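Enquirer: Have a look at this one.
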Amino acid sequence: MTLIKSISGIRGTIGGKTGDNLTPLDAVKFASAYGTWLIQRNPKAEKMIVVIGRDARISGKMISSLVANTLVGLGIDVIDLGLSTTPTVEIAVPLEKANGGIIITASHNPKQWNALKLLNEKGEFLNGADGAKILEIAESGNLTFEEVDNLGIYKKKKNFMDRHIDEVLSLELVDIDAIRSANFKVVVDAVNSTGGIVIPELLDRLGVNCVKLYCEPNGEFPHNPEPLKEHLGDISALVVKEEADFGIVVDPDVDRLALVCEDGSIFGEEYTLVACADYVLSQNPGNTVSNLSSSRALRDITRKHGGNYEASAVGEVNVVELMKKNNAIIGGEGNGGIIYPTSHYGRDSLVGVALFLTQLAKLEISCKALRDSYPSYFMSKNKIELTPQIDVDKILNKMAAKYQEEEVSTIDGVKIDFEMEWVHLRKSNTEPIIRVYTESTSQMNADNLAERIMHEINEIADI
């Protein structure tokens with residue numbers, strides 16, 4: 001059982017020992033620290049507001065109640081969206097003129113996990129300094145609560161997923177008429193979480209025939225909820241059986257989007273962002289950003305449209321910061337996370353679905369034909385386990401020096417760009433591990449590059 005504390009929030013498994021898992025006491029402790037940080041950040045505010053929402057996992061109602069009442073005890077008003085999505089809470093924070101937001105979700109983790117994802121007043125994830133301050137407050141134990149006459153007010157608002165859909169449908173590049181005319185038939189796998197509510201509703205309003213698979217929001221995940229190829233056998237088979245145009249897969253909090261082609265083949269999480277960016281850039285040329293571990297295909301597509309591509313450190317907050325700096329018109333992460341600033345600075349599967357449907361409708365080609373039109377890259381993801389005594393930073397520095405004649409980035413571990421492939425080496429913050437991500441022009445080449453690099457690391461570490 002595990003409890004992970006990071007700048008983006010707290011994540012852990014339900015039950016077990018306090019401090020080692022996400023117990024009720026830990027949820028209260030970190031909700032208290034977040035609320036205290038908000039109060040310290042807004043010393044002149046007469047009243048504070050925080051928006052909360054949760055995915056459908058079994059522990060969600062319990063954790064949500066603990067978080068809400070803790071904030072009320074600090075004198076903070078709480079707007080509870082109930083069953084919701086991460087991007088829905090993100091857009092709700094500024095719409096409600098709130099001081100922050102908390103999403104109760106462990107994203108793609110299995111059902112025994114839950115988490116508190118923390119947002120600022122813009123509905124964006126916290127930066128490193130703010131996250132570190134909250135962790136400091138939590139560990140200090142210096143928490144003061146309000147007396148009875150100054151408690152916060154708790155209220156529910158349950159229409160925000162509809163408002164989210166309204167916002168998506170109002171986007172200029174979402175062509176509702178073109179989508180309706182295409183008469184699409186789509187299968188949706190929402191892993192029995194809140195995507196099973198909002199994605200079918202979005203499709204219905206776009207005139208798309210929706211076949212539901214695992215769309216009952218009961219938190220009983222029928223398969224590993226991370227939308228990877230090895231977990232998508234059921235929807236691949238159903239897409240073919242139903243003769244659907246394609247399949248849509250979202251994770252429990254609906255910020256990651258994967259697609260399945262009409263023949264049951266996987267479009268690829270990495271290519272969700274590539275396809276949406278291709279459409280957006282075709283209508284509005286500009287710059288893009290993804291993280292260092294994302295596919296080179298986005299760079300290729302961006303350059304095709306005359307734009308500039310930049311890579312950030314891994315982590316949504318890092319992608320967003322670089323997008324703002326470089327005026328990127330679309331960006332995200334290769335895990336199926338699409339960030340479209342015209343909507344908001346957060347990964348949003350609803351935006352991705354609407355943009356992809358528009359693109360497919362306008363091009364009048366199949367999902368598989370669209371995928372085949374993009375540069376084909378293949379990734380290999382591995383890790384090397386080291387002993388705690390080994391200096392991981394020293395190893396990474398030696399690898400950077402070894403390949404100094406290549407294009408090397410050290411903003412997040414070490415990324416080495418070769419002419420036709422790349423390798424990204426990152427150390428874990430919680431265990432003695434080096435993650436080794438490679439990409440090349442074939443799966444064999446990607447695997448061979450990974451094996452070569454891991455062998456070199458083992459030689460340096462003398463393992």
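The values are calculated or read from the model by the stated rules, or taken from the named source; none is laboratory data. It should be emphasised that the depicted structure is a prediction, and the values quoted were computed from it without experimental measurement. Ideal geometry is used to build each Cβ from the backbone, glycine not excepted, and the neighbour counts take in all protein chains shown.
Enquirer: Which condition from (1) part of a helix (DSSP H, G or I); (2) at pLDDT below 95; (3) under 18 Å from the mean Cα position of the chain (by Cα) is the one that V198 breaks?
Expert: (2)
Enquirer: Answer with yes or no whether S293 is under 23 Å from the mean Cα position of the chain (by Cα), among the polar types (S, T, N, Q), over 30 Å from E220 (Cα atoms) and modelled with pLDDT under 95.
Expert: yes
Enquirer: Go through region 201-251 and count every residue that is in a loop (DSSP other than H, G, I, E, B), under 21 Å from F160 (Cα atoms) and either under 19 Å from the mean Cα position of the chain (by Cα) or basic (K, R) (or both).
Expert: Result for region 201-251: 2.
Enquirer: In this structure, does K427 turn out to be surrounded by 14 or more Cβ atoms within 10 Å (Cβ to Cβ) and assigned by TED's automatic domain parsing to the domain that holds F246? Quick ask: steps written out before the conclusion?
Expert: Numbers: surrounded by 14 or more Cβ atoms within 10 Å (Cβ to Cβ): yes; assigned by TED's automatic domain parsing to the domain that holds F246: no.
When the stated conditions are applied, K427 does not pass them.
Enquirer: Please go through region 132-145 and pick out each residue that is within 24 Å of V89 (Cβ to Cβ) and either surrounded by fewer than 14 Cβ atoms within 10 Å (Cβ to Cβ) or in contact with a strand residue (DSSP E or B) (Cβ under 9 Å, 6 or more places away or on another chain) (or both).
Expert: Within region 132-145, A132, I134, L135, A138 meet the criteria.
Enquirer: Still on this structure, please answer the following. Given the conditions (1) surrounded by fewer than 24 Cβ atoms within 10 Å (Cβ to Cβ); (2) under 16 Å from the mean Cα position of the chain (by Cα); (3) closer than 21 Å to F184 by Cα, and given that T272 satisfies all but one, which numbered condition is not satisfied?
Expert: Here T272 meets the rest and fails (1).
Enquirer: Restricting to region 97-151, give me the number of residues that are of a type in the set (K, R) and within 14 Å of the chain's Cα centre (by Cα).
Expert: 1
Enquirer: (1) within 21 Å of the chain's Cα centre (by Cα); (2) over 17 Å from E96 (Cβ atoms): which one isn't true of R54, the others all being true?
Expert: (2)
Enquirer: A further question follows. Let me confirm something: among I91, I102, which residue is outside any loop (DSSP other than H, G, I, E, B), closer than 14 Å to Y34 by Cβ and touching a residue at least 40 places away in the same chain (Cβ under 8 Å)?
Expert: Just one listed residue meets the conditions, I102.
The rows are residues; the columns are (1) touching a residue at least 12 places away in the same chain (Cβ under 8 Å); (2) farther than 30 Å from S181 by Cα; (3) touching a Lys or Arg at 6+ places or on another chain (Cβ under 9 Å).
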position	(1), (2), (3)
V320	yes, yes, no
K325	no, yes, no
S343	yes, no, no
L350	yes, no, no
Q359	yes, no, no
L396	yes, yes, yes
A401	no, yes, no
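Enquirer: Within region 419-462, restricting attention to residues that are assigned to a loop (DSSP other than H, G, I, E, B) and more than 28 Å from the chain's Cα centre (by Cα), which residue is modelled with the lowest pLDDT?
Expert: Once the filter is applied, the top-ranked residue is D462.
Enquirer: Given K111, K157, K117, which one is touching a Phe, Trp or Tyr at 6+ places or on another chain (Cβ under 6 Å) and not aliphatic (A, V, I, L, M)?
Expert: So the residue among K111, K157, K117 that is touching a Phe, Trp or Tyr at 6+ places or on another chain (Cβ under 6 Å) and not aliphatic (A, V, I, L, M) is K111.
Enquirer: Hey, another quick one. Checking the structure you have, find out if any residue of region 176-191 is surrounded by fewer than 21 Cβ atoms within 10 Å (Cβ to Cβ) and under 25 Å from V89 (Cα atoms).
Expert: Yes.
Enquirer: Only residues that are in a helix (DSSP H, G or I) and within 19 Å of the chain's Cα centre (by Cα): list them for region 152-194, please.
Expert: M161, H164, I165, V168, listed by residue number.
Enquirer: Another question, then. On the basis of being assigned by TED's automatic domain parsing to the domain that holds E146, closer than 27 Å to E167 by Cα and either more than 25 Å from the chain's Cα centre (by Cα) or buried (at least 24 other Cβ atoms within 10 Å of the Cβ) (or both), does T18 make the cut?
Expert: No.
Enquirer: For region 224-239, what are the residues that are closer than 16 Å to V187 by Cβ and either at pLDDT 95 or above or out of contact with any helix residue (DSSP H, G or I) (no Cβ under 9 Å at 6 or more places or on another chain) (or both)?
Expert: Residues satisfying the conditions are H231, L232, G233, D234, I235, S236, A237, L238, V239.
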